[in-house]
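Quick notes on the structure that follows.
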Amino acid sequence: MALRDDLSRHLQSHFTAVDVDRLARYGAHRRGKVRDLFVGDDEIIMVTSDRLSAFDVVLTSIPCKGAILNAIAVGAFEATADICPNHLIDAPHPNVLRVKKAEPLPIEVIVRRYITGSLWRDYEAGRHGVYEVDIPTGLRADQRFDELLITPSTKADYGIHDEPISLNAIVDQGLVDAATLDKACTYALALFERGEQIAAEQGLILVDTKYEFGIIDGELTVIDEIHTADSSRYWVASEYEARFAAGEPQKMLDKENIRQWLISQGYQGDGEPPVIPDDLRLDLAEIYANLHERLLGSEFVPSAADPLTSLYEVLEV
């Protein structure tokens, strides 16, 4: 209960927006679903808020979510730096990453080990052909693929839905050239396999994840965040087989928990979203904190200080 009590003190935290004028010296402001970016000539200050998005819509905030995501992302970048260059310079504050400025590719490379989530919904509805990949018939929800699968999407602007796309269409439409796309996919598969290994050591399954890439000084680089509870799905490994055999939902340590609740309320991104109760926000905060502890080997301790106040103290010096 101690962790939940600490998280509950941040329920009314307004770390959902920053004072743009106070950070304007770092560059032009760009607002994403979760992050506020201040884009300079060579570097970007990425402020990770507590905003929660699902189905590409910002819905509410989750206590301490930004700090948890940041910590996991830093750990993942450090654990994969030998595989692929990344944009991380340092993390001067729990909610801030200082990164190298990149020219981002306009796509996301999504790697999947299991058929679940949006791919399962598309598979059931017969919409998965857009990816132009061979997916066997007769699969069940949460079934493991024999080989890793890549199902890309376009990278939409804030307020616009990402769209599924095939690797062939990416090249045909001139979004990314074939050589760069091939290298991005090679990196993505290697990053995923390292993420799988780290998760397995902690009794978890890395189910699927998305990667974003950009070009820095002519070099393909992984950017944004990797292997976090927002960008990835994680299941508890010890419960997978029994739950799959019984046709039960997996025990999840990621944002899919809130997606499933929203679907149960009849919401998938269109129309007026339901109000998310505080207890559900706290439940998800605890899930994120649990993943932090499993992946990083250290308990997440919410800051006693107001995150925005301390952020300005750090960045305005």
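The values are calculated or read from the model by the stated rules, or taken from the named source; none is laboratory data. As the structure is a prediction and not an experimental result, all values here were calculated from the model. We place every Cβ from the backbone using ideal geometry, glycine too, and count neighbours over all the protein chains shown. Areas reflect the complete protein model, heavy atoms only, side chains present, ligands, DNA and RNA absent. Shrake-Rupley method; radii C 1.70, N 1.55, O 1.52, S 1.80 Å.
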1.4 Å probe accessible area per residue over the stretch 263-313, in Å²: 54 Å²
The chain, accessible surface, carbon-and-sulfur percent (1.4 angstrom probe): 48 percent
For the stretch 272-278, 3J(HN,Hα) per residue [Karplus equation, 6.51 cos²θ - 1.76 cosθ + 1.60, θ = phi - 60°, Hz, x = Gly/Pro]: 7, x, x, 6, 8, x, 4
With eigenvalues of the C-alpha gyration tensor scaled by 5 and rooted, the stretch 79-193, Å: 27, 18, 15
Computed over the chain: relative contact order in percent, which uses C-alpha pairs under 8 Å that are six or more apart: 20 percent
Pairwise label distance in nanometres, VAL275 with VAL20, each label 7 Å out on the Cα-Cβ vector: 3.0 nm
Convex hull of Cα atoms in the stretch 170-270, direction-averaged projection (nm²): 9.0 nm²
Two-site FRET efficiency, ASP146 against SER298, from Cβ-Cβ distance with R₀ of 45 Å, rounded to 0.05: 0.80
Rule-of-thumb Rg ratio for the stretch 33-117 [Cα; 2.2 N^0.38 Å; N residues]: 1.19
Probe 1.4 Å - accessible area at LYS183, Å² to nearest ten: 90 Å²
Solution diffusion estimate, µm²/s, Stokes-Einstein, the stretch 51-98, Kirkwood Rh from C-alpha pairs, 20 °C, viscosity 1.002 mPa s: 177 µm²/s
Cβ-derived FRET efficiency at R0 35 Å, ASP217 paired with ALA125, nearest 0.05: 0.25
Label selected from (i) 50; (ii) 72; (iii) 68, the criterion being percent of Cα pairs over 25 Å apart as computed here: (i)
Length released on extending from HIS29 to GLU201, taking residue separation times 0.36 nm less the Cα-Cα span: 58.0 nm
Integer Hz, Karplus 6.51/-1.76/1.60 couplings in order for the stretch 53-67, x for Gly and Pro: 10, 8, 6, 6, 10, 6, 10, 6, 10, 10, x, 6, 4, x, 5
Fully extended contour minus Cα-Cα distance, from GLN268 to GLU103, at 0.36 nm per residue: 56.3 nm
The stretch 16-117: relative contact order as a whole-number percent, Cα under 8 Å and 6+ apart: 21 percent
Per residue accessible area in Å² of the stretch 5-63, where ligands, DNA and RNA are left out and the probe is 1.4 Å: 45 Å²
In Hz, Karplus ³J(HN,Hα) per residue of the stretch 105-110 (6.51, -1.76, 1.60; θ = phi - 60°; x = Gly, Pro): 6, x, 9, 10, 9, 9
